[in-house]
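> Dropping the structure in here first, questions after.
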Amino acid sequence: MSHHEQAAPIENIFFTKGMIIFTTVMLAGLSFGLYRMVFGLEAATNLNDQYPLGLWIGIDVATGVALAAGGFTSGAVVYVFNRENFHAIIRPALLTAMLGYTFVGIGLMFDLGRWYNIWHPAIPFMWQGNSVLFEVGMCVIIYINVLYIEFAPVVFERFIGRVNLPGTLSRFNDGVDIVLRFLNHILSKIMFIFIIAGIVLSCCHQSSLGTLLVIAPYKVHPIYNSLLGPLFFLSSAFAVGLTMIIFESMIACYAFGRKPEMHILTPLSKIIPYLLGFYITVKIYDMISRGTYNFLFESSAPVIMFWIEFGLLTIVPFFMFMSSDVRKSHQGIFIAASMFVVGILLNRCTVFFIAYKPLYAAKAYLPAFSEFALTIGLICTIVFVYRVVVTFFPVLPLPENETNGEQITG
């Protein structure tokens with residue numbers, strides 16, 4: 001294993017000024033979640049019978065699932081296509097995916113009317129196979145467990161040879177260490193099963209999320225109403241998975257004062273135009289085949305959002321990633337990645353509640369302040385937990401102290 005592939009806990013001060021701000025916002029946002037749990041959906045949101053899918057589904061669930069795609073895309077690149085030179089991105093991508101899916105479940109719990117029944121899909125006699133969400137729910141439940149199993153070797157690495165239980169429990173140090181070594185050995189032999197399962201499960205529920213509004217064709221603007229919705233969601237997840245790895249890596253470098261790992265990110269970014277190009281191609285083909293390009297010059301909110309999320313924040317990053325100069329620049333690659341990440345966020349929000357218009361809605365849906373506050377609070381919580389994990393566990397690669405003379409090819 002090369003120097004830059006070795007991982008170690010970070011040694012930075014935890015509560016920096018930025019983290020103090022994030023923690024304050026986190027606590028304030030989560031207080032609105034507590035308010036929702038106590039007083040119900042009606043008091044905390046602007047959701048109603050006409051608009052049951054709002055900000056929490058658009059961002060906390062649909063966007064969260066998409067942006068957590070880095071876990072299975074990195075696994076596919078490294079283990080399926082045998083690109084071992086990208087091995088250093090696996091742990092950060094896996095952590096981001098694990099936290100993303102964990103908070104997707106938490107966000108969904110806030111959105112459920114009877115949140116205390118969220119465990120029902122895990123019980124066989126409560127299954128509802130006729131529901132579009134059934135497959136999504138089952139895949140997500142299983143995949144969350146797969147992600148935690150895949151992350152277990154990181155925990156084992158942290159404690160093997162370092163078990164130090166306090167007080168009288170210290171007599172069990174050797175025994176616990178033996179158990180950890182045994183579990184780590186067994187898991188290393190069967191890890192390929194969980195890697196394959198993670199890729200398959202992700203493909204299933206990423207596409208199934210795009211099926212949700214296919215069953216409501218007359219409630220969705222024609223430019224977003226397509227039978228290819230599952231393919232749109234899956235292909236965009238492939239593209240944004242690798243893009244999110246770049247985005248997360250650059251944010252981590254800036255936050256922890258590290259040098260951007262361009263020797264990994266530049267070659268990785270060369271894959272993105274192929275994935276992004278496929279997504280753009282199927283979208284344009286769908287518009288031409290259905291004739292929905294006729295709606296492109298409307299002044300409606302869905303069309304305006306289409307020009308922003310697809311025309312500006314998808315096509316422009318595609319051409320940016322095509323440029324070798326952009327791929328070699330850490331500012332350029334970060335801007336391109338940020339644009340597409342925001343584009344996917346706007347796409348999911350548009351599909352679920354901006355382009356969605358019930359036939360007999362009395363008024364348009366506008367998220368309540370508490371909906372925005374809780375969403376921001378959950379995002380800050382992910383950042384907080386991410387920093388906790390990388391502080392105590394070997395997730396991020398050791399920082400490069402010198403260039404080592406590696407050549408970056410665009």
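> So if the hydrodynamic radius of the range 121-241 is defined as the Kirkwood radius over C-alpha pairs, what does Stokes-Einstein give as its diffusion coefficient at 25 °C and 0.890 mPa s, in µm² per second?
In µm²/s, the coefficient rounds to 139.
> On to the next question. Between K219 and F159, what FRET efficiency follows from the Cβ-Cβ distance if R0 is 35 Å, with the result rounded to 0.05?
Numbers: r = 52 Å, r/R0 = 1.48.
It comes out at approximately 0.10.
> Another question about this same structure. Regarding the range 11-154, what are the three Cα extents along the principal axes, ordered largest first, in Å?
50, 47, 24
> Here is a follow-up. When a/c reaches 1.5 or more, the comparison of a/b and b/c decides; with that in mind, is the range 181-326 rounded, prolate or oblate per its Cα gyration tensor?
It is oblate, given that a/c is not under 1.5 and a/b is not larger than b/c.
> Let me ask another. What is the distance, in nm, between label points placed 7 Å from the Cα along the Cα-to-Cβ direction at H120 and at K363?
3.0
> Moving on. With a 10 Å radius around each residue's Cβ, average the other Cβ atoms per peptide and rank 119-125, 138-144, 350-356, 226-232, highest first.
Highest-to-lowest ranking by the protection proxy: 350-356, 138-144, 226-232, 119-125.
> Taking 0.36 nm per residue of sequence separation and subtracting the Cα-Cα distance, how much length would be gained by fully extending the chain between Q331 and R181, in nm to one decimal?
Values: separation 150, 0.36 × 150 = 54.00 nm, distance 4.21 nm.
Value of the extension gain: 49.8 nm.
> Given 10 Å bins starting at zero, what is the percent of C-alpha pairs of the range 189-229 in each, up to the one with the largest pair distance?
Binned Cα distances yield the sequence 27, 33, 20, 14, 5, 0.
> If you take the Cα atoms of the chain, find Rg, then find the Kirkwood Rh from the mean of 1/r over all pairs, what is Rg/Rh?
Radius of gyration over Kirkwood radius for the chain works out to 0.97.
> What is the Cα centroid distance between the range 22-52 and the range 204-264, reported in whole angstrom?
25
> Let me ask something else about it. Considering only V351, N46, F134, whose Cα is most displaced toward the positive end of the charge dipole of the chain, charges sitting on Cβ of Lys, Arg (+1) and Asp, Glu (-1)?
So the residue we want is N46.
> Highest first, please rank the peptides 26-36, 126-136 by the mean number of other Cβ atoms sitting within 10 Å of their residues.
26-36, 126-136
> Right, here's the next one. Would you mind checking the radius of gyration and Dmax of the range 271-410 based on alpha-carbon positions, in Å?
Reported Rg and Dmax, both Å: 20.0, 65.
> Can you put M191, M262 in order, fewest other beta carbons within 10 Å first?
Ascending Cβ contact count within 10 Å gives the list M191, M262.
> At 0.36 nm per residue, minus the direct Cα-Cα distance, what do N294 and A8 gain on full extension? Give it in nm, one decimal, please.
Taking N294 through A8 to full extension adds about 97.5 nm, to one decimal.
A short reminder: the numbers here are calculations on the coordinates, not readings from a lab. Every value quoted in this text rests on a predicted model; they were computed, and no experiment measured them. Cβ atoms come from the backbone with ideal geometry, glycine included; neighbour counts cover every protein chain shown.
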